[in-house]
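Enquirer: What follows is a single structure, and I will ask about it in a moment.
The values are calculated or read from the model by the stated rules, or taken from the named source; none is laboratory data. Remember, predicted model here, so these are calculated numbers, not experimental data. Quick reminder, even Gly has a Cβ in these numbers, built from the backbone with ideal geometry, and neighbours come from all protein chains shown. Heads up: the accessible areas ignore ligands, DNA and RNA and are worked out on the full protein's heavy atoms, side chains in. Shrake-Rupley method; radii C 1.70, N 1.55, O 1.52, S 1.80 Å.
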Amino acid sequence: APVLTMQSVDKVFGGETVALRGMNLAVNEGDFISLLGPSGCGKSTALRLIAGLMAPTAGRIDWAGGQTHGDLGVVFQEPTLMPWATVARNVWLPFRLRGQSYHAVKDEIREALSLVGLENFANAYPRELSGGMKMRVSIARAMVTRPRLILMDEPFAALDEITRHKLNTDLLALRDKIGCTVIFVTHSVFESVFLSDRIVVMAARPGRVIRELQVDEPYPRG
Ligand code: ADP
Ligand code: ADP
């Protein structure tokens, strides 16, 4: 089923910087799409447009059936956890923003932490966690409400290569388990091939899509 489409989307900053020109994208339920390209090709701009953080200069972005509250989960390169709150309270945040009490969603929080392998860290504070573990908390927080679409903006770029590979492997397993739909921004060719079904290759100046590749053979798992 379709989730979201972008049709001929342009984003121009200050009347002259063409961050994105003529972008088309169709996201279907269960897709894992990578946006791959060098710095400045408009990857973050595309994500920010999809997230509704700014409006396109031209073109359309449409959610199938309209956008409802809680359609999106977002994971940034910086885990942006609240340092004064426990891991479980951090994962509660998207529910809290919808006015749902912690106690009403305790099971969902426990389930999300278990999916990222942190079931024993619910009461820990962010400062007690490694970089990789903080990123796992951030992923749990993005998926705890089971949003229709999860956006990931170079989530593992700041981690060492070994931790990063472990997280990529676990992300695939997680996706197999809960069937989430993901747009993943990266400038790593390996990461895009390892993770995605579809790679959207972009180029800079102006930011644009130059090719869309289907990854036919899934990367061997397990
Ligand atoms: P990427 O994420 O692929 O590195 P970006 O989407 O951040 O690319 O940027 C695409 C282009 O738009 C770049 O030339 C960048 O300098 C420019 N740009 C991005 N955000 C802004 C902004 N808020 N104001 C002006 N120019 C911007
Ligand atoms: P990094 O600091 O590079 O992000 P990791 O995320 O792999 O490294 O974690 C570093 C240490 O934190 C590990 O050696 C391990 O002891 C502990 N750790 C990480 N994840 C877990 C987990 N799910 N359960 C228990 N301990 C963990």
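Enquirer: Can you name the residue in the stretch 146-195 that is over 21 Å from THR80 (Cα atoms) and basic (Lys, Arg) and is also least open to solvent (accessible area, probe 1.4 Å) among such residues?
Expert: ARG175
Enquirer: Here's another thing I want to ask about it. Please determine whether any residue of the stretch 35-42 is within 16 Å of ligand 2 (Cβ to nearest atom), closer than 23 Å to LEU174 by Cβ and under 20 Å from the mean Cα position of the chain (by Cα).
Expert: no
Enquirer: When MET133 is evaluated against the numbered criteria (1) part of a helix (DSSP H, G or I); (2) under 24 Å from ALA51 (Cβ atoms); (3) at pLDDT 95 or above, which criterion, by number, is the only one it fails?
Expert: Here MET133 meets the rest and fails (2).
Enquirer: Filtering the stretch 142-166 down to residues that are β-branched (Val, Ile, Thr) and without any contact (Cβ under 8 Å) to a residue 40 or more places away in the chain, which residue is farthest from VAL3 (Cα to Cα)?
Expert: Taking the candidates together, the pick is ILE162.
Enquirer: Continuing with this model, one more query. Only one residue in GLY52, GLY65, GLY40 is touching a residue at least 24 places away in the same chain (Cβ under 8 Å), at positive phi and open to solvent by 40 Å² or more (accessible area, probe 1.4 Å). Which one?
Expert: GLY40
Enquirer: Hey, another quick one. Regarding PRO83, is this residue without any contact (Cβ under 8 Å) to a residue 60 or more places away in the chain and crowded, with 18+ Cβ neighbours inside 10 Å?
Expert: No; evaluated as a whole, the condition is false for this residue.
Enquirer: So, one more: In the stretch 116-141, what residues are within 13 Å of VAL75 (Cα to Cα), open to solvent by less than 60 Å² (accessible area, probe 1.4 Å) and in contact (Cβ under 8 Å) with a residue 40 or more places away in the chain?
Expert: Within the stretch 116-141, MET135, VAL137, SER138, ILE139, ALA140, ARG141 qualify.
Enquirer: Restricting the stretch 43-52 to residues that are under 20 Å from LEU195 (Cα atoms) and of a type in the set (Gly, Ala, Ser), which is farthest from ligand 2 (Cβ to nearest atom)?
Expert: Ranking the candidates gives ALA46 first.
Enquirer: Every residue in the stretch 24-41 that is more than 21 Å from ARG148 (Cα to Cα) and either touching a strand residue (DSSP E or B) at 6+ places or on another chain (Cβ under 6 Å) or of a type in the set (Val, Ile, Thr) (or both), please.
Expert: LEU36, GLY37, CYS41
Enquirer: Residues to consider are THR186, THR181; find the one that is in contact (Cβ under 8 Å) with a residue 60 or more places away in the chain and over 30 Å from GLU16 (Cβ atoms).
Expert: Every option except THR181 fails the conditions.
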